[in-house]
Amino acid sequence: MDRYRIPPGAGADLSAIDPDSKELFPGGKDAGRERLKALRVELRELQELLYAEGKHKVLVVLQAMDAGGKDGTIRHVFRGVNPSGVRVASFKKPTPEELAHDFLWRVHQEAPATGEITIFNRSHYEDVLVVRVKELVPEDVWRPRYEHIRNFERLLAEEGTTILKFYLHISKDEQKARLEDRRDRPDKRWKFSPGDLEERKRWDAYRAAFEDAISETSTEHAPWYVVPANRKWYRNLVISTVLIDTLRGLDMSYPEPGEDVTKYVVV
Ligand code: AMP
Ligand code: MG
């Protein structure tokens, strides 16, 4: 999966990654879905172990253009995990109280606890994305935030958090198709927001903001992955695989009791 990881210091060139790609799983959709089922079983086991061992914290950051598939990723990749140990934190337009604080204030309190996986559906990155594109604060406020973000994530990492950040990479045509689908399908219409059409007009500005954010903040301890996301099944497979490989790398084990408990008789 190194194919999609942005090395520290390397400029992220989104045009170098094809949103339609399925190169790592050429088998196609049906085989891909079967593979995802197997990966879900593995993820469930690793998450159980993470919870039981109680040593590590895991933070998964999801960012994308509108209709990029953040909600679908959460639904499909994490289906079947134990809800006791997995939490989703969604970051919306900040409340007046949140706006009255520094931009990381609301984010830090949602960071994962020991034994937990927390998924950020949007994140502190909005503060260098939408905030930059819509000029909600001046440049001399948003530009220093890259460094604040690097420092914040380093703090989390050094205190035991494993961080994975995914940019769900869809094409402009795919976004059009998905927004039309939301408009036309009664079961999806609740998600249709005319505001998304306004954001779509700023596609190029968002893309530039994403490239800068990813380039500025992909580090060893908090890497960005640019995931081809036009094909949902492929997106799910790539993210599951990165997550599972990372959890395996934590080398976890079930805690040993301090004494031989087999001597106890349960009456
Ligand atoms: P959704 O994820 O579709 O529910 O939309 C959430 C909205 O909140 C999006 O339009 C985001 O751009 C917006 N949002 C999230 N974080 C921020 C932020 N820090 N500043 C301004 N808008 C934000
Ligand atoms: Mg939306």
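The values are calculated or read from the model by the stated rules, or taken from the named source; none is laboratory data. Computed from a prediction, not measured in an experiment: that's the story for all the values here. Cβ atoms come from the backbone with ideal geometry, glycine included; neighbour counts cover every protein chain shown. Ligands, DNA and RNA are stripped out before the accessible areas are found, and what is left, the full protein with its side chains, is counted by its heavy atoms. Shrake-Rupley method; radii C 1.70, N 1.55, O 1.52, S 1.80 Å.
Test Pro94 against the stated conditions and say whether it is part of a loop (DSSP other than H, G, I, E, B) and more than 16 Å from ligand 1 (Cβ to nearest atom). In short, no. All of (1) open to solvent by 80 Å² or more (accessible area, probe 1.4 Å); (2) part of a helix (DSSP H, G or I) hold for Arg106 with one exception: (1). Across the stretch 117-147, what is the total count of residues that are more than 20 Å from Asp66 (Cβ to Cβ) and hydroxyl-bearing (Ser, Thr, Tyr)? The total comes to 2. Exactly one residue among Leu156, Leu179, Leu164 is away from ligand 1 (no atom under 16 Å from the Cβ), in a helix (DSSP H, G or I) and open to solvent by less than 30 Å² (accessible area, probe 1.4 Å), and that residue is Leu156.
Against the criterion of being among the aliphatic types (A, V, I, L, M), modelled with pLDDT of 95 or more, in contact with a strand residue (DSSP E or B) (Cβ under 8 Å, 6 or more places away or on another chain) and under 26 Å from Lys22 (Cβ atoms), Ile170 qualifies. Name the residue that is least open to solvent (accessible area, probe 1.4 Å), counting only residues in the stretch 109-132 that are among the polar types (S, T, N, Q) and in a loop (DSSP other than H, G, I, E, B). Here the residue is Ser123. Cβ-Cβ distances below 7 Å connect the following pairs, each with a first residue in the stretch 133-146 that is open to solvent by less than 40 Å² (accessible area, probe 1.4 Å), a second residue that is part of a loop (DSSP other than H, G, I, E, B) and modelled with pLDDT of 95 or more, and a separation of six or more residues or different chains: Val133/Arg202; Arg145/Phe103.
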